[in-house]
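Enquirer: Sharing a structure with you now.
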Amino acid sequence: MKEIAIIGPTASGKSDLALQIALQHNAYILSLDSLSIYKEIDIASAKPSQDELAKIHHFGINVLSPDKHFSVSTFIDLYLNASTQASQDGKNLIIVGGTGFYLKSLLNGLSEIPSISEKTQILSTQMMCSPKTAYELLYNIDQDYMQNIKQNDTYRIEKMLQLYLETDQTPSTWFKEHPPKPIIEHLPLFEIDVDRQTLRERIHIRTAKMLHLGLINEIAYLEHKYTRLPNSMKAIGIVEVLDYLDGISTKDEMIDLITTHTSQLAKRQQTFNRNQFKDKRVLSVEMIEKEVKKILMTL
């Protein structure tokens, strides 16, 4: 069993390329996407169609309800499951997605987290009745670490609070003494080479397609079922539709905002990939297909 990863900004054609390669080279696909992991968010996430999902077994898609929280460790568990299943089934594995942070975490690993006692869980729950106070406590004892956590990120605040209460160590001290270990030792990494103008045109076309498929109705349904509180409801393509439904913007303005915000996201993704993945190969779709063929020989 062999593994490769394909990265690139949103709308660069990663999913289509991964599907084509998987069909040709006996592979499963692991999606590293922060929105496709949710069930029912189908159009807004631009996840593969039901027909495409039926052709190739995908991991990391339709895993959680939109009101559930996930962390980097969720994606690491998904990878371990996908890699094990692919190996058992005699399949290759293609890791694909625009969320480079998750791939970086797979390559770097995560630090060990101690088991949290029931006593600590009860105490942390009581303290989290005031997230602001809990954040200030942690910030005062470990400013270097906590300045990277937003004050409204109650999930991470509670996790760091539990770590501190359980170990009597600051997060910085704990993670220094328990450095992460790589999950993947070696992974051929390819990034799709696409110029900014072409990418913006693809984003515009994809936005129009999403509207045609029923994006507005999907968001209205999700809001009715899950409210606007879950983090998933704050994603690009969702917040703009909610503003339109609120009468804050016109339909044309909504479309322009989705396109603009998606283009800005794509730029951030390209910057992250450029700075974080030094060993990647930036190639055209055609060249990636040729290079992957040399690696993923049919088992």
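Enquirer: Could you please find all residues in region 240-299 being more than 24 Å from the chain's Cα centre (by Cα) and β-branched (Val, Ile, Thr)?
Expert: Ile248, Thr250, Ile295, Thr298
Enquirer: If you check Ile183, Ile205, which single one turns out to be of a type in the set (Val, Ile, Thr), out of contact with any Pro (no Cβ under 9 Å at 6 or more places or on another chain) and at pLDDT below 95?
Expert: Ile183
Enquirer: While we're on this one: Output yes when any residue across region 67-76 is surrounded by fewer than 23 Cβ atoms within 10 Å (Cβ to Cβ), among the β-branched types (Val, Ile, Thr), closer than 26 Å to Ala266 by Cβ and touching a Gly at 6+ places or on another chain (Cβ under 7 Å), and no when none is.
Expert: no
Enquirer: Here's another thing I want to ask about it. Can you find even one residue in region 77-88 that is within 28 Å of Ile236 (Cβ to Cβ), touching a Leu at 6+ places or on another chain (Cβ under 7 Å) and exposed (fewer than 14 other Cβ atoms within 10 Å of the Cβ)?
Expert: Checking region 77-88: not a single residue is within 28 Å of Ile236 (Cβ to Cβ), touching a Leu at 6+ places or on another chain (Cβ under 7 Å) and exposed (fewer than 14 other Cβ atoms within 10 Å of the Cβ).
Enquirer: With (1) within 24 Å of Thr271 (Cα to Cα); (2) assigned to a loop (DSSP other than H, G, I, E, B); (3) free of Cβ contacts under 8 Å to residues at least 24 places away in the same chain as the list, and Gly237 as the residue in question, which single condition is left unmet?
Expert: Here Gly237 meets the rest and fails (3).
Enquirer: Looking at region 26-128, what helices (runs of 4 or more DSSP H) fall wholly within it and have at least 3 residues that are of a type in the set (Val, Ile, Thr) and either in contact with a helix residue (DSSP H, G or I) (Cβ under 9 Å, 6 or more places away or on another chain) or under 26 Å from Pro179 (Cα atoms) (or both)?
Expert: Those helices (runs of 4 or more DSSP H) span 72-89.
Enquirer: Just to be sure, is Asp16 out of contact with any strand residue (DSSP E or B) (no Cβ under 9 Å at 6 or more places or on another chain) and assigned by TED's automatic domain parsing to the domain that holds Thr99?
Expert: yes
Enquirer: Whether any residue in region 240-254 is in contact with a Lys or Arg (Cβ under 9 Å, 6 or more places away or on another chain), in a helix (DSSP H, G or I) and not polar (S, T, N, Q) is what I want to check.
Expert: yes
Enquirer: Does region 129-149 hold any residues that are crowded, with 17+ Cβ neighbours inside 10 Å and assigned to a loop (DSSP other than H, G, I, E, B), and which are they?
Expert: Across region 129-149, the qualifying residues are Asp142, Ile149.
Enquirer: For residues that are of a type in the set (S, T, N, Q) and either farther than 17 Å from Leu35 by Cα or not assigned by TED's automatic domain parsing to the domain that holds Asp195 (or both), tally how many sit in region 223-258.
Expert: Going through region 223-258 one residue at a time, the tally reaches 2.
Enquirer: Is it the case, given these coordinates, that Ile95 is closer than 29 Å to Gln269 by Cβ, touching a strand residue (DSSP E or B) at 6+ places or on another chain (Cβ under 7 Å), surrounded by 14 or more Cβ atoms within 10 Å (Cβ to Cβ) and at pLDDT 90 or above?
Expert: Yes, satisfied.
Enquirer: A further question on this structure: Hey, does region 183-197 have a residue that's part of a helix (DSSP H, G or I) and either within 23 Å of the chain's Cα centre (by Cα) or without any contact (Cβ under 8 Å) to a residue 24 or more places away in the chain (or both)?
Expert: Yes: one or more hits.
Enquirer: Answer yes or no: is there a residue in region 95-112 that is of a type outside the set (Ser, Thr, Tyr), farther than 15 Å from Ala18 by Cβ and without any contact (Cβ under 8 Å) to a residue 24 or more places away in the chain.
Expert: no
Enquirer: Another question about this same structure. Only one of Ala266, Ala235, Ala208 is closer than 27 Å to Ile6 by Cβ and exposed (fewer than 15 other Cβ atoms within 10 Å of the Cβ). Can you tell me which?
Expert: Among Ala266, Ala235, Ala208, only Ala208 is closer than 27 Å to Ile6 by Cβ and exposed (fewer than 15 other Cβ atoms within 10 Å of the Cβ).
The values are calculated or read from the model by the stated rules, or taken from the named source; none is laboratory data. All of these numbers come straight from a predicted model, not from anything done at the bench. Glycine gets a Cβ as well: all are built from the backbone with ideal geometry, and neighbour counts include every protein chain shown.
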